[in-house]
Amino acid sequence: MTQLFAIKNLTAGYGARDVLHDLSFSLDAGLFYGLIGPNGSGKTTLLDLMLGNLKPKLGAICFNDRLVGQYTRRELAREIALVPQDFRINFDFTVLDVVMMGRHPHIPRFANPTARDREIVDRVLTELEITDLQDRLITHLSGGEKQRVIVARALAQDTPVLVLDEATSNLDIQHSLSIFQVLKKRCRGQGATIIAAIHDLNFAAAYCDAIILLNQGRLLTIGPPREVLSADLLHQVFAIECQAYEEPFSGAHQVAYRY
Amino acid sequence: MGGLAVLLAGTVICATGLGYIHMPASEVLSILLARVSDSFSLGLDPTHQAVIMDVRLPRVLTAALVGGALAMAGAIFQAILLNPLADPYTLGVSSGAAFGAALALIANLTTLGGYSVPMFAFAGALAAVFAVLSLAATDRNYAANSLILAGVIVSAILSAGIGFIKYLADEQVSVIIFWLMGSFAARTWSNVALVLVATVITLLAALYYGRDLNIMSLGLRSSDSLGVDTARTRKVLLVIASLVTAVSVSVSGIIGFIGLIIPHLMRFIIGPDNRKLIPASCLAGACLLLAADTISRAVLPREVPIGVLTALIGGPFFCLIFKQKQLGGR
């Protein structure tokens, strides 16, 4: 298995405040990673570092054996796509326009989308079942529809790596499930690497190959859901009473809370 | 877009014919063509030629170019600040220019001859913009909110300064007020050349960055992850759009509304794609401001300040479109 991200003694933050402290771990290509931790534990900061939006203060983060900071924005945009958590747009672009924006890093300046670009966009629209929406205005969609458009935009970018920042936390369950199914297919079928910050621990447990657990800006552990999502660790990080077990209906490791 | 260009050419020719000495479009056209080829110059009245080439055309072209420049700058500001309510004056260009001009007018500065007031207005506008940009620069991404807030702060301080100058100015206050309301009277070919250069540079920059501006409407993190250097693009375009606005204001005074309303209208008509929206805004802004100036100059019995007229023409029209869009629901 090839190493995708190598993170070594990474310290980073905004202004004078350090958010992440001395992180070291690596991520392999082709796996579905879940990133979990309480609010403020540094999940978004870590994703920003992977995307090259933030520079490390100390240590290094390498993507494919090259420092993230050495890639141009365009090069990185052909490797890594982002699905942001929330998304507001004030201008009346159509759904098709927005999804086509995902092709931006592949289309030279002043050139028009090629037949291949259109083909990829069509395929993604079908995949997310939003072909019917393609001529609607993005400003007139419901939250669930909009989020599927944004996932489609990221998929249209056609990158080997997909980063999601709590991309489904505002969605109804059926939309969350359908988006995670699409992601899983990308991962299993096309060998894409998914790195997703996830709020819902049971979603993380059901879909991820490995889970990165952050707490107060430090890496607590990284490993398969069975090991990371244990009652002890969850109690330590989230201060909750819970029980971890194999759930027969879903066939997945799950967490039950004491309510 | 082609239609708009034809409309603009027609407006320019008609506007040049209108005035104290009325001339039909065909005569205007012959006089213009006479400049290119001598075969058209037969039988032309030399007075009319002088009126057109030395008096009317510079004014007509300045009005058209300023209109185009302001509308384009407005479209760029709206795209960068992700806010359809932004206009070319959001970053304090107008209050900086007004402060500079008021200062020159009250102090009776004539060291630079007739150019004193425009030069001070230009310097004031630039100083205000750079104050705003340096205030907002603590945020390395030049986020929309930081910029708008910095613009409000600087404008508020300058407005107080303008108020104080007006208070000191006594009977001279009307000169300041008149300048602030804008005018195209007695513009020269050097004005035309100045605004033309600024407008062309802005248009080229806007076309170069057009697709990046579209992507930037997705928000900072998304546009960065799509390969756009958002912070740099923002900075470059903010400076260029502010410069063209400062040039316009120093040539014509403060003309409101064009920069807000034209990009809106064009967005209703041709959609939000900046690659089409910005050039279309440029053409439509040129048409509207020229039409307004011509009405003020040639149709109305007494010249009305151009800034007032643009708002009077544009306002109700805008209300109509806005209402229709609300009802249509789309």
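The values are calculated or read from the model by the stated rules, or taken from the named source; none is laboratory data. Since we're looking at a predicted model, the values are computed, not measured. Cβ sites come from the backbone with ideal geometry, for glycine too, and all protein chains shown count toward neighbours.
Yes/no matrix, rows are residues, columns are (1) polar (S, T, N, Q); (2) farther than 23 Å from B:VAL132 by Cα; (3) more than 14 Å from chain A (Cβ to nearest Cβ); (4) over 15 Å from the mean Cα position of the chain (by Cα):
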position: B:MET181; (1), (2), (3), (4): no, yes, yes, no
position: B:LEU237; (1), (2), (3), (4): no, no, yes, yes
position: B:SER242; (1), (2), (3), (4): yes, no, yes, no
position: B:PHE257; (1), (2), (3), (4): no, no, yes, no
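I'd like to check something: does segment B:297-309 contain any residue that is over 22 Å from B:ILE215 (Cα atoms), touching a residue at least 40 places away in the same chain (Cβ under 8 Å), surrounded by fewer than 24 Cβ atoms within 10 Å (Cβ to Cβ) and touching an Asp or Glu at 6+ places or on another chain (Cβ under 7 Å)?
As a first pass, look at segment B:297-309 and keep what is over 22 Å from B:ILE215 (Cα atoms): B:297-309.
Next cut, touching a residue at least 40 places away in the same chain (Cβ under 8 Å) only: B:297-299, B:303, B:305-308.
In the following step, the residues that additionally are surrounded by fewer than 24 Cβ atoms within 10 Å (Cβ to Cβ) were identified as B:297-299, B:303, B:305, B:307-308.
Now restrict to residues that are touching an Asp or Glu at 6+ places or on another chain (Cβ under 7 Å): B:297.
Yes.
For A:VAL124, the conditions (1) over 15 Å from A:LEU155 (Cα atoms); (2) surrounded by 20 or more Cβ atoms within 10 Å (Cβ to Cβ); (3) of a type in the set (A, V, I, L, M) are fulfilled apart from (1). Taking the conditions (1) free of Cβ contacts under 8 Å to residues at least 24 places away in the same chain; (2) under 23 Å from the mean Cα position of the chain (by Cα) in turn, B:SER30 satisfies each one other than (2). Only one entry in A:THR72, A:THR131, A:THR139, A:THR94 is more than 7 Å from chain B (Cβ to nearest Cβ), in contact with a helix residue (DSSP H, G or I) (Cβ under 8 Å, 6 or more places away or on another chain), among the hydroxyl-bearing types (Ser, Thr, Tyr) and closer than 29 Å to A:THR44 by Cα, namely A:THR94.
Considering (1) surrounded by fewer than 24 Cβ atoms within 10 Å (Cβ to Cβ); (2) more than 12 Å from chain B (Cβ to nearest Cβ), the lone condition that A:ALA152 does not fulfil carries the number (1). Restricting attention to segment B:105-121, the residues being assigned to a helix (DSSP H, G or I) and either modelled with pLDDT under 85 or buried (at least 24 other Cβ atoms within 10 Å of the Cβ) (or both) number 9. Put simply, of A:LEU58, A:LEU54, A:LEU35, A:LEU23 the only residue that is under 14 Å from A:GLY217 (Cβ atoms) and at pLDDT 95 or above is A:LEU35.
Being crowded, with 24+ Cβ neighbours inside 10 Å and within 17 Å of the chain's Cα centre (by Cα) is not true of B:ALA15.
Here is a yes/no grid of residues against (1) assigned to a loop (DSSP other than H, G, I, E, B); (2) under 23 Å from A:ALA12 (Cα atoms):
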position	(1), (2)
A:LEU164	no, yes
A:ASN170	yes, no
A:SER176	no, no
A:ASN202	no, no
A:ALA206	no, no
A:LEU214	no, yes
A:THR221	no, yes
A:ARG226	no, no
A:ILE240	yes, no
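Checked against (1) modelled with pLDDT under 90; (2) not in a helix (DSSP H, G or I); (3) not hydrophobic (A, V, I, L, M, F, W, C), A:ASP158 passes all but condition (1).
Screening segment A:42-69 for residues that are in contact (Cβ under 8 Å) with a residue 12 or more places away in the chain and among the charged types (D, E, K, R) and picking the one that is nearest to the other protein chains (Cβ to nearest Cβ) gives A:LYS55. Mind counting the residues in segment B:56-82 that are on the phi > 0 side of the Ramachandran plot and within 8 Å of the chain's Cα centre (by Cα)? Residues flagged as on the phi > 0 side of the Ramachandran plot and within 8 Å of the chain's Cα centre (by Cα) within segment B:56-82 amount to 0. Of the residues B:ARG232, B:ARG221, the single one that is farther than 21 Å from B:ALA284 by Cα and at the interface with chain A (Cβ under 9 Å from one of its Cβ atoms) is B:ARG221. Would you please name the residue that is farthest from B:PRO272 (Cα to Cα), looking only at residues in segment B:185-218 that are within 14 Å of chain A (Cβ to nearest Cβ) and either of a type in the set (Phe, Trp, Tyr) or touching a Cys at 6+ places or on another chain (Cβ under 8 Å) (or both)? The selected residue is B:TYR208. Of the numbered criteria (1) surrounded by fewer than 20 Cβ atoms within 10 Å (Cβ to Cβ); (2) among the small types (Gly, Ala, Ser); (3) within 30 Å of A:ALA152 (Cα to Cα), the one B:SER223 fails is (1). Looking at this structure, is B:GLY2 free of Cβ contacts under 8 Å to residues at least 24 places away in the same chain and among the small types (Gly, Ala, Ser)? For B:GLY2, the condition - free of Cβ contacts under 8 Å to residues at least 24 places away in the same chain and among the small types (Gly, Ala, Ser) - is met. Filtered by the rule that a residue be out of contact with any helix residue (DSSP H, G or I) (no Cβ under 7 Å at 6 or more places or on another chain) and more than 14 Å from chain B (Cβ to nearest Cβ), segment A:161-175 gives A:SER169, A:ILE173, A:GLN174. On the basis of being surrounded by fewer than 24 Cβ atoms within 10 Å (Cβ to Cβ), more than 14 Å from chain A (Cβ to nearest Cβ), out of contact with any strand residue (DSSP E or B) (no Cβ under 6 Å at 6 or more places or on another chain) and in contact (Cβ under 8 Å) with a residue 12 or more places away in the chain, does B:GLY285 make the cut? For B:GLY285, the condition - surrounded by fewer than 24 Cβ atoms within 10 Å (Cβ to Cβ), more than 14 Å from chain A (Cβ to nearest Cβ), out of contact with any strand residue (DSSP E or B) (no Cβ under 6 Å at 6 or more places or on another chain) and in contact (Cβ under 8 Å) with a residue 12 or more places away in the chain - is not met. Of the residues B:SER252, B:SER242, the single one that is more than 30 Å from A:THR72 (Cα to Cα) and touching a helix residue (DSSP H, G or I) at 6+ places or on another chain (Cβ under 8 Å) is B:SER252.
Can you pull out the helices (runs of 4 or more DSSP H) entirely within segment B:182-254 that have at least 3 residues that are modelled with pLDDT under 90?
Details: elements: B:189-208, B:210-216, B:220-225, B:230-252.
Qualifying helices (runs of 4 or more DSSP H): B:189-208, B:230-252.
Residues of segment A:70-102 that are in contact (Cβ under 8 Å) with a residue 24 or more places away in the chain, more than 25 Å from B:GLN78 (Cα to Cα) and part of a loop (DSSP other than H, G, I, E, B): A:ARG78, A:GLU79. Given the structure, is A:ARG109 in a loop (DSSP other than H, G, I, E, B), out of contact with any strand residue (DSSP E or B) (no Cβ under 7 Å at 6 or more places or on another chain) and either of a type outside the set (A, V, I, L, M, F, W, C) or within 12 Å of chain B (Cβ to nearest Cβ) (or both)? When the stated conditions are applied, A:ARG109 passes them.
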